[in-house]
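What follows is calculated from the coordinates using simple rules that are stated; it is not laboratory data. Owing to the predicted nature of the structure, the values given are computational and were not obtained by experimental measurement. A quick note on method: Cβ atoms are made from the backbone with ideal geometry, for glycine too, and the neighbour counts reach across all protein chains shown.
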């Protein structure tokens with residue numbers, strides 16, 4: 001007869017439903033749980049070695065990093081890739097002595113030098129100590145303070161920007177172009193009749209200056225009141241802030257011909273450029289077409305509504321516009337993951353598109369003529385590098401296992417010879433050598449500490465540089481998150497998430513569930529790499545089972561998965577999350593689906609409140625911080641991208657404010673007084689609507705705080721709220 005060993009977390013599933021009783025600590029027992037909450041894993045984390053290493057290449061054959069030699073000591077280490085030897089990057093004891101002299105301090109420990117090392121040039125190591133920069137000569141063991149001159153923005157503006165051939169300088173002054181001969185003193189002269197100019201770019205042959213204007217839109221503002229400023233009066237802060245539907249700043253393009261001293265205006269529609277104080281006209285760059293005597297300009301054109309994006313070429317002599325790429329989507333173009341690059345020698349463009357349902361790399365060899373380079377049911381995430389032969393990129397979903405794990409690849413420009421660099425199980429980060437012949441592969445999972453490997457350009461393992469271990473944590477009973485996969489709302493699509501069990505878990509008890517939600521369509525959010533102790537683990541120590549889930553509508557799983565968010569941000573993947581939690585509870589019956597709470601910040605604040613409004617049969621308690629409770633009240637570029645433009649009735653239909661009267665369950669709202677991301681009135685107006693609907697709600701106002709999950713005080717209020725309404729216990733009296 002075979003023995004079946006039931007270990008954690010499998011042990012959870014080995015209990016009978018009938019024998020389970022709710023976990024409900026007394027107020028006194030909660031005090032000891034708060035000790036676990038505040039201290040879990042702290043001592044063991046200090047024992048971990050090499051779990052967060054970073055590497056800097058010195059040249060094509062060597063690199064340096066800070067290597068843990070024991071829990072109490074570390075060395076800045078030089079690694080030789082020929083013989084895999086490790087040696088100190090410099091004399092730590094002598095550097096400690098010199099730092100003591102330079103700073104007039106004592107007891108700088110050479111085994112734990114409080115410095116950062118930024119670069120290495122021959123025998124000089126650049127370091128920083130207490131925000132002061134130094135150069136350390138490794139041959140003479142001498143320390144020199146570095147105080148580089150920093151011209152003020154005004155000085156830089158007055159000096160202008162020189163042409164590539166260094167004969168002229170140009171600047172924008174009061175919205176006009178001025179040009180001066182390279183001389184001392186500079187004598188500036190107005191050069192063009194174009195006005196409202198905000199940016200200019202020299203052509204590489206110094207013959208043209210590309211000019212871009214910035215024409216104001218509505219430029220409406222939002223205000224916050226800071227009541228924590230010293231003195232008897234609060235301070236009103238006002239800033240420009242474009243919201244959905246506002247008229248945006250736009251840009252027009254001109255070219256100034258240095259030889260003829262004439263300006264031509266490009267006949268394109270004004271291009272949107274944001275309207276925020278930090279916004280500017282779209283990026284413009286020059287390239288040299290084949291068989292042409294002068295360079296042309298390339299510019300990215302955004303069409304309002306995020307459903308169309310163009311890359312156009314402009315002739316600076318004739319102002320003729322040629323459209324190379326005209327990307328369209330019936331839903332949205334994911335702007336934060338959009339990239340394109342030019343290859344001047346071949347006069348072609350590399351471009352990322354989701355036109356086949358997955359994010360892939362294409363090459364345009366002529367205007368409007370594209371060929372696909374990468375193919376398959378996976379998502380290209382970023383472009384690392386490219387040359388005339390190869391493209392280096394990251395992607396997820398191509399390899400077996402968790403489809404969110406990041407992997408690194410190289411492919412020929414014709415789509416042949418795909419090389420996979422990163423074969424270890426986990427999500428990867430790669431540091432390439434300058435010549436791309438070697439790479440350092442760092443990979444981990446949420447439960448497994450990082451491994452650092454040296455690999456060749458064909459992905460072959462050459463050596464293990466370092467290997468961390470989570471053993472101190474595991475020995476102490478801190479087992480890390482449990483990965484869990486279940487079907488979503490359609491019964492077919494795999495949904496991935498994490499479960500955090502308390503370390504004092506009792507298999508005979510049931511525990512309330514708390515979901516930590518962030519469902520913004522701009523990314524995926526469930527962690528995939530190692531941390532010693534996650535915040536969610538701390539929360540679990542108070543007697544909860546905490547979950548994190550990436551539902552439909554989030555990014556990085558293909559266009560169909562992502563498009564669930566289109567004009568549907570309020571959905572937040574909640575139907576998938578509910579199905580996932582129910583499936584998890586079938587495997588782990590200690591998860592009490594009758595006691596489910598949820599919390600989140602920003603878009604997560606919107607989603608957590610929405611959970612009570614739209615799914616009150618499942619979610620019972622919510623804490624929402626700095627939420628965007630109506631997508632018409634938040635920044636235009638985020639909300640128009642997912643909710644569409646122009647503004648339609650679906651905006652109001654999905655508003656938490658509009659639906660406030662539907663509230664069931666227990667809700668706590670929090671807001672930072674000087675929130676510079678989501679205007680605080682979003683929360684205030686929701687609070688007003690709830691009060692008018694005669695709904696009972698808790699409200700935490702956080703004076704002087706910006707966009708926040710609550711800070712120390714808000715965290716305490718959130719935790720107490722869950723204890724009171726999910727555990728059914730009165731939390732300790734903090735006063």
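Working from the Cα coordinates of segment 541-589, the gyration tensor eigenvalues give, after taking √(5λ), semi-axes of 25, 11, 10 Å in decreasing order. The sum of -39500 (n - 2.57) across all DSSP H runs of n ≥ 4, divided by the residue count of the chain, sets its helix-only mean residue ellipticity at 222 nm to -4500 deg cm²/dmol. Each of the peptides 540-547, 627-634 was scored by the mean count of other Cβ atoms within 10 Å over its residues; in descending order, highest first, they stand as 540-547, 627-634. Each of 222, 317, 379 was scored by other Cβ atoms within 10 Å of its Cβ. Arranged with the fewest first, they read 317, 222, 379.
Take every pair of alpha-carbon atoms less than 8 Å apart whose residues are at least six positions apart; their mean separation over the length of the chain yields a relative contact order of 10 percent.
Taken along its principal axes, the alpha carbon cloud of segment 473-727 reaches lengths of 53, 41, 31 Å, longest axis first.
For segment 548-627, a Kirkwood radius taken over Cα pairs fed into Stokes-Einstein (10 °C, viscosity 1.306 mPa s) yields D = 121 µm²/s. Spherically averaged projected area of the convex hull of Cα atoms, segment 30-81: 4.3 nm². Mind running the shape call on segment 245-349? Use the C-alpha gyration tensor, a ≥ b ≥ c as the square roots of the eigenvalues: rounded below 1.5 for a/c, prolate if a/b tops b/c, oblate otherwise. Oblate is the answer for segment 245-349, as a/c is 1.5 or above yet b/c matches or exceeds a/b. Relative intensity of segment 55-146 on a log10 scale, I(q)/I(0) at q = 0.10, 0.11 Å⁻¹, equals -0.24, -0.30, per a Debye sum over C-alpha point scatterers of equal strength in the absence of solvent.
Tilt of helix 27-39 relative to the longest C-alpha principal axis of the chain, in degrees (0 to 90, nearest 10)? Helix 27-39 sits roughly 30 degrees off the main axis of the chain.
Sorted into 10 angstrom bins from 0, the C-alpha pair distances of segment 388-526 split as 10, 30, 30, 21, 7, 2, 0 percent. Legend: ranking of residues 607, 192 from fewest to most surrounding C-beta atoms inside 10 Å; resulting order 192, 607. Across segment 55-146, the relative contact order, built from alpha-carbon pairs under 8 Å that are at least six residues apart, equals 18 percent.
Segment 625-735 has equivalent-ellipsoid semi-axes of 28, 18, 11 Å, by the square roots of 5 times the alpha carbon gyration tensor eigenvalues, sorted largest first. Diagonalising the gyration tensor over the Cα atoms of the chain and scaling each eigenvalue by 5 before taking the square root yields semi-axes of 46, 36, 29 Å, largest first. State whether segment 290-413 is rounded, prolate or oblate according to the following rule on the C-alpha gyration tensor (a ≥ b ≥ c being the square roots of its eigenvalues): a/c under 1.5 gives rounded; otherwise a/b larger than b/c gives prolate, and the remaining case gives oblate. In terms of gyration-tensor shape, oblate. Quick check on segment 671-726: take the gyration tensor over C-alpha atoms, sort the square-rooted eigenvalues as a ≥ b ≥ c, and tell me if it's rounded (a/c under 1.5), prolate or oblate. Since a/c reaches 1.5 but b/c is at least a/b, the shape of segment 671-726 is classed as oblate. With the cut-off at 15 Å, report for segment 463-539 the share of all Cα pairs above it, as a whole percent. Summing the P(r) of segment 463-539 above 15 Å gives 69 percent of all pairs.
Calculated on C-alpha atoms, the gyration radius of segment 574-673 divided by its Kirkwood radius gives an Rg/Rh of 1.02. What is the angle, in °, between the Cα long axis of helix 92-103 and the longest principal axis of the Cα atoms in the chain? Nearest 10 is fine, range 0 to 90. Computed tilt is about 80 degrees.
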